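Structure record follows, encoded as structure tokens.
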Amino acid sequence: MKIQPVKGTRDFYPPQMAVRNFIIDGWKAVSRRNGFVEYDGPIFEYLQMYQIKSGDEIVEQLFHLTDRGGRELAIRPEITPTLARMVNQQVNALPRPIKWFSVPRLCRAERPQKGRLREFFQWNIDILGADDVLADAEVIFCALDYLRSVGLTSKDVAAKVSSRKLLAALLLHLGVPEASLATLYPILDKKAKLPADVFEKTLADAVGSSSITATILKLLDAHAADDIAAIVPDIASNPTAQAALAELQQIFDALRAMGVADYCRFDMSIVRGLAYYTGMVFEVHDAVGDLRAVCGGGRYDNLLRDFGGPSLPATGMGMGDCVLEILLRERGLLTDDSFKRQTDYFVACTDAQLMPKALEIVAQLRRNGAAAEFSYKTGNLGKQLKQADACGAQKCLILGQEYLAEQKIVCKDMSSGSQTLLTQENL
Ligand code: HAM
């Protein structure tokens, strides 16, 4: 019986591993230049941790297990709860603001589809201990800083920004009971994922009033404060909504000052599915709009308190590798030729008695920091040159007649084909 890989997982053969490393190295470099330091946590946690505040969708997608001591555990579907738990443990010792990043491997028992797998990598950046909207702007900037660094322009991707605080104020203003808000968010988050009639019916069933449902539907299409004022004229007198709008304005002002305003737009349809968001929320989508979000995040000021810690404001985002890779390939920013193997030297040996010398030279090159390869078989030069080419050698050092006659090594430049004679000391 041939064992198959589990659906929704990936095998990383060397070419796929090169792509994964390219993406992750970029995430790490951008995190560091934006002032974040790296952390990680365990790959499984107590199941209960995800049931507290992540929301039903994440809980339904958990891979969970019972250990031999009867403890209910789950493989991490996200790292934000782990981050909250870890920061809570050392909260008094950590200098503020806490700016941490991580690239965890995550598992969600989703139905595998384009850009969605059951195991993936997710870049996380989070800022804790800062209630300033500049921290929200910095999270969005950092995500865009990475996307711009890999060649994605504002024509390729857009950061759609909104506010849970604003949405909550509007819903309460319309007469939605406070107790219903938490159930409404995941429904509203489905707008782009469901057919319009199915979405409207689900929303109407949850809201229970057709006039409120109609107003909510209009609000989800709002792209400016003026749009909101036109839909809900007396909102000008609602201080919470006005404060939330002012915060959004400050975030957009900061993003303009940081030179990424062309990527950003206000979009009330961004709600986010996770339960813990309390303020700014955002997602980056591709311009064509046929892929799921490239990344998503927002402010979650109550999560640390909900996890038994002190009240500590927090904001952050997560970006998965799957949608990103699809997008980079679609835009021609990543091709299978992007990661050709590279070696500095290939040492070819056409005479078996020169093998000890070849080994000495390979070892000498490697000791000095050069990447060097050689063939276990001496003799046929043509075959060895093919092998040199396959491992992307810049130069091939040939030990053969010239070495036997006058201790000279032939150095062949693999791109131009030109050859020079060297002694071992010249290397
Ligand atoms: P999320 O929206 O669940 O947020 O995931 C963020 C990103 O992770 C998505 O936009 C997508 O790129 C990627 N992602 C999620 N699920 C999958 C999947 N099954 N396959 C491939 N990629 C996936 C969070 O996880 C929050 N914890 C992010 C956050 C950090 N918020 C604040 N800090």
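The values are calculated or read from the model by the stated rules, or taken from the named source; none is laboratory data. Keep in mind it's a predicted model, so treat the numbers as computed, not measured. Backbone-built Cβ (ideal geometry, glycine too); neighbour counts: all protein chains shown. Quick note on the areas: whole protein, heavy atoms, side chains included, nothing else; ligands and nucleic acids left out. Shrake-Rupley method; radii C 1.70, N 1.55, O 1.52, S 1.80 Å.
Assuming a ≥ b ≥ c are the square roots of the Cα gyration tensor eigenvalues, decide whether the range 1-129 counts as rounded (a/c under 1.5), prolate (otherwise, with a/b larger than b/c) or oblate. Oblate. For the range 46-103, the C-alpha radius of gyration sits at 1.31 times the compact-globule guess of 2.2 N^0.38 Å, with N the residue count. Comparing Cα centroids, the range 44-114 and the range 247-305 end up 22 angstrom apart.
A straight Cα-to-Cα reach below 18 Å connects K218 with the aspartates and glutamates D189, D197, E200, D205, D226, D227, D234, D267, residues fewer than 8 places away in its own chain not being considered.
Once the Kirkwood radius over Cα pairs is known for the range 110-196, the Stokes-Einstein relation at 20 °C and 1.002 mPa s delivers a diffusion coefficient of 130 µm²/s. In sequence order, the range 398-414 has phi-based couplings of 10, 9, x, 3, 4, 6, 5, 7, 9, 6, 10, 9, 7, 10, 9, 6, 6 Hz under the Karplus curve 6.51 cos²θ - 1.76 cosθ + 1.60, θ = phi - 60°, and Gly or Pro positions carry x.
Note on R341/F44: beta-carbon distance plugged into 1/(1 + (r/R0)^6) with R0 of 35 Å gives a FRET efficiency of 0.50. Computed over the chain with a Gaussian network model linking Cα atoms closer than 10 Å, the most mobile of V87, V260, V198 is V198.
Based on Cα contacts under 8 Å between residues 6+ apart, the range 170-311 shows a relative contact order of 21 percent. Our estimate of slack between E72 and S209, defined as 0.36 nm per intervening residue step minus the Cα-Cα distance, is 45.3 nm. On a per residue basis, the convex hull of the C-alpha atoms belonging to the chain measures out at 217 Å³.
Qualifying trypsin sites (Lys or Arg not before Pro) in the range 1-43, where qualification requires a DSSP coil assignment and no more than 11 other C-beta atoms within 10 Å, comprise K2, K7. Restricting attention to the range 273-427, close to 65% of DSSP beta bridges with both partner residues there are antiparallel.
If you wrap the Cα atoms of the range 213-255 in a convex hull and average its projected area over all directions, you get 3.2 nm².
Working note: Karplus 6.51/-1.76/1.60 with θ = phi - 60° gives the range 297-303 the couplings x, x, 8, 9, 6, 10, 5 Hz, where Gly and Pro are set to x.
On full extension, the segment bounded by R111 and K190 gains 26.8 nm, given 0.36 nm per residue less the C-alpha separation. Mean sequence separation of contacting Cα pairs (under 8 Å, at least six apart), scaled by the length of the chain, corresponds to a relative contact order of 16 percent.
When +1 charges are put on Lys and Arg Cβ atoms and -1 charges on Asp and Glu Cβ atoms, the dipole computed for the chain relative to its Cα centre reaches about 1140 debye. Normalised by 2.2 N^0.38 Å, with N the number of residues, the alpha-carbon radius of gyration of the range 82-123 equals 1.63.
When the Cα positions of F12, A74, S102 are compared along the charge dipole of the chain, F12 comes out farthest toward the positive end, with charges on each C-beta of Lys, Arg, Asp and Glu.
With a Förster radius of 60 Å applied to the beta-carbon distance between N380 and D306, the computed FRET efficiency rounds to 0.30. In a DSSP loop and with at most 13 other Cβ atoms within 10 Å, the chymotrypsin sites (Phe, Trp or Tyr not before Pro) in the range 340-395 are Y376. In the range 308-427, Cα pairs under 8 Å separated by at least six residues give a relative contact order of 23 percent.
Using a Gaussian network model of the chain in which every pair of alpha carbons under 10 angstrom is joined by a spring, one finds that among L152, L172, L248 the greatest mean-square fluctuation is at L172.
Using a 1.4 Å probe over the heavy atoms of the protein chains, calculate the carbon and sulfur portion of the accessible area of the chain as a whole percent.
Ligands and nucleic acids excluded, carbon and sulfur give 51 percent.
Largest first and in whole Å, the equivalent-ellipsoid semi-axes of the range 244-324 read 23, 18, 11, each the square root of five times a Cα gyration tensor eigenvalue. For the range 268-412, the orientation-averaged shadow of the C-alpha convex hull comes to 15.2 nm² (one quarter of the hull surface). Can you return the aspartates and glutamates within cross-link range of K7? Criterion is Cα-Cα under 12 Å, with same-chain partners fewer than 8 residues away left out. Result set, ordered by chain and number: E110, E119. Ligands, DNA and RNA are left out, and with a 1.4 angstrom probe the accessible area of the chain is 49 Å² per residue. Applying the criteria of a DSSP loop state and at most 13 other Cβ atoms within 10 Å to the trypsin sites (Lys or Arg not before Pro) of the range 91-160 yields K114, K155. Near K7, once Lys and Arg are set to +1 and Asp and Glu to -1 for all other residues with Cβ below 10 Å from its Cβ, the sum equals +2.
Mean-square fluctuations from a GNM of the chain, with a 10 angstrom spring cutoff on Cα atoms, peak among S209, S154, S102 at S209. Only beta bridges with both residues in the chain are counted; by DSSP, about 75 percent of them are antiparallel.
Calculated FRET efficiency, F22 to Q242, Cβ-Cβ distance, R0 = 51 Å: about 0.70 to the nearest 0.05. Sequentially through the range 262-272, phi angles give Karplus couplings (6.51, -1.76, 1.60; θ = phi - 60°) of 5, 8, 10, 8, 7, 8, 5, 6, 7, 10, 6 Hz, Gly and Pro residues having no value and appearing as x. All other residues whose Cβ lies under 12 angstrom from that of V362 are scored, Lys and Arg at +1 and Asp and Glu at -1, for a net of 0.
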